[in-house]
Amino acid sequence: MRRYRFLIFLWTLLLLTGCSATPEEEPCRYELMAMDTIMSLTIFGKPAQEAQDILQQAAGQIQDLDALLSVTDEGSEIYRLNHSDGAPVQLLERTHELLEEALELCKTTEGALDITIYPVVRTWGFTTGEYRVPEEAELSALLEKVDYTQVILDEENLTLPEGMELDLGAVTKGWTGDQLIALFQEAGVTSAIVELGGNVQALGTKPDGSPWRVALQAPEGGYAGALEIVDKAVITSGGYQRYFEQDGETYCHIIDPSTGYPSQAGLASVTIVSDRGVQGDGLSTALFVMGREKAETYWRTHPDFDFILLGEDGTVTITEGLEDSFTLYGDWENHPLEVIRK
């Protein structure tokens, strides 16, 4: 049975665009459905018509990237790669850039993130909604084709071994957020907030100079905490976001590439706070698979981001960079919180 802890809206066209005519410090907002989620873009400090033009351009970019990177759209580059039968495929610059970033994240996380996991995820039904628990022999056969190190990326082409398939879902929304922030900066926007499903990316501060305040969802619903950010991406992966139940067991959508089974590392969610969305997106998945101990070790050797870990046991772990900007909220105020330091 499919279960979601988010409100689902069946919106098929443009959802909302709105700006106040004056004054210029009023927000201009644009909402759309893309990449299987609701997206909201808000910018400040531009006259209404100029703001609308910028947001229309941003929405067009989202739709272009969605069509380019979809794993199921027969016209996408990812679909073309997955049906290349082992032949080299020349890539567009944008696709090449994202794949380069994604493969580097796979490497630094030692495969906790593996973009070749798609056949396993599909077999569990997380891409189709036809959920089931695969047999061990079936998973073992599929795992023989899960190995990011076998992907060959040169200056123009990518070669994917026959039978192997890519899915960039773990990095696409974060990378899209990076592209939107860059677009806003080029257009002279200095204050903006981008919400792409569970991903939040902020440009600058609020118009009044104060930090943006981002809520952290609790696994059981409601909020576990709040975080203040400036020029940061905040990206969460949680086992409660998409899962199914069978024979009394719960199976979440985040698959451990080393086993082919949903991760059981003891974490309810991982939130990454980073300068770049693509990094935060990939690491939120990878650290969820790693579990707390390995996540802490990774952070100590790659200290260019911060994290918030909510344990299945109700514990909260944050890195020292968030000590002054993160607070627990509501029913979570009395949960144990530990700050880890370098």
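The values are calculated or read from the model by the stated rules, or taken from the named source; none is laboratory data. Here the structure is a predicted model, which means the values were calculated and not measured. Using ideal geometry, Cβ is built from the backbone for each residue, glycine included, and neighbour counts are taken over all protein chains shown. Surface accessibility is based on the protein's heavy atoms, side chains included, excluding ligands, DNA and RNA. Shrake-Rupley method; radii C 1.70, N 1.55, O 1.52, S 1.80 Å.
Write down, largest first, the equivalent ellipsoid semi-axes of segment 61-116 in whole Å, where each equals the square root of 5 times an eigenvalue of the alpha-carbon gyration tensor. Kindly include the intermediate steps, with their values, before the conclusion.
Working: eigenvalues 79, 41, 23 Å².
After scaling each eigenvalue by five and taking roots: 20, 14, 11 Å.
Of the residues Gly311, Tyr329, Ile340, the one whose Cα sits farthest toward the positive end of the charge dipole of segment 301-342, with +1 on the Cβ of Lys and Arg and -1 on the Cβ of Asp and Glu, is Ile340. With the highest mean first, a sort of the peptides 117-125, 298-306, 184-192 on other beta-carbon atoms found within 10 angstrom per residue produces 117-125, 184-192, 298-306. Highest average first, the peptides 314-324, 38-48 ordered by how many other beta carbon atoms sit within 10 Å of their residues are 38-48, 314-324. Among the protein heavy atoms of segment 61-151, carbon and sulfur supply 42% of the accessible surface, probe 1.4 Å, non-protein parts ignored.
Using a probe of 1.4 Å, the accessible surface attributed to Asp73 totals some 70 Å² when neighbouring protein chains are kept in position.
With the simple spin-label model, which puts each label point 7 Å out from Cα in the Cβ direction, the Gln264 to Thr190 separation comes to 5.4 nm.
The protection proxy used here, the mean number of other Cβ atoms lying within 10 Å of each residue, ranks peptides 57-70, 135-148 as follows, highest first: 57-70, 135-148.
Would you calculate the convex hull of the Cα atoms in segment 167-286 and tell me its volume per residue in Å³? It would help to have the intermediate numbers written out before the result.
On the way: hull volume 12.4 nm³, N = 120.
Looking at segment 167-286, the number lands at 104 Å³ per residue.
Entry comment: accessible area of segment 278-334 is 44 Å² per residue, from protein heavy atoms only and a probe of 1.4 Å.
Basic side chains Lys and Arg get +1 at the Cβ, acidic Asp and Glu get -1 at the Cβ, and with that the dipole of the chain about its Cα centre reaches some 680 debye.
Given the Cα-Cα distance of Glu320 and Glu110 and 0.36 nm per residue of separation, how much length would full extension add, in nm? Kindly include the intermediate steps, with their values, before the conclusion.
Details: separation 210, 0.36 × 210 = 75.60 nm, distance 2.43 nm.
Contour length minus Cα-Cα distance gives 73.2 nm.
Work out, in µm²/s and without decimals, the Stokes-Einstein translational diffusion coefficient of the chain at 25 °C, 0.890 mPa s, Rh from Kirkwood over C-alpha pairs. After rounding, the answer is 118 µm²/s.
For Glu97 and Glu155 in the same chain, what is the full-extension length gain: residue separation times 0.36 nm, less their Cα-Cα distance, in nm?
On the way: separation 58, 0.36 × 58 = 20.88 nm, distance 1.01 nm.
That pair, Glu97 and Glu155, stretches by 19.9 nm at full extension.
Heavy-atom accessible area, probed at 1.4 angstrom with all protein chains present, ranks Thr72, Thr37, Thr95, Thr259 as Thr72, Thr259, Thr37, Thr95, highest first. Radius of gyration over Kirkwood radius for segment 118-160, both on Cα atoms: the Rg/Rh ratio is 1.13. Between Asp53 and Thr128, the modelled labels are 4.8 nm apart [label points 7 Å from Cα along Cα→Cβ]. With a Förster radius of 25 Å applied to the beta-carbon distance between Ser210 and Thr250, the computed FRET efficiency rounds to 0.05. Surface calculation, 1.4 Å probe, protein heavy atoms: Glu93 sits at approximately 150 Å² accessible.
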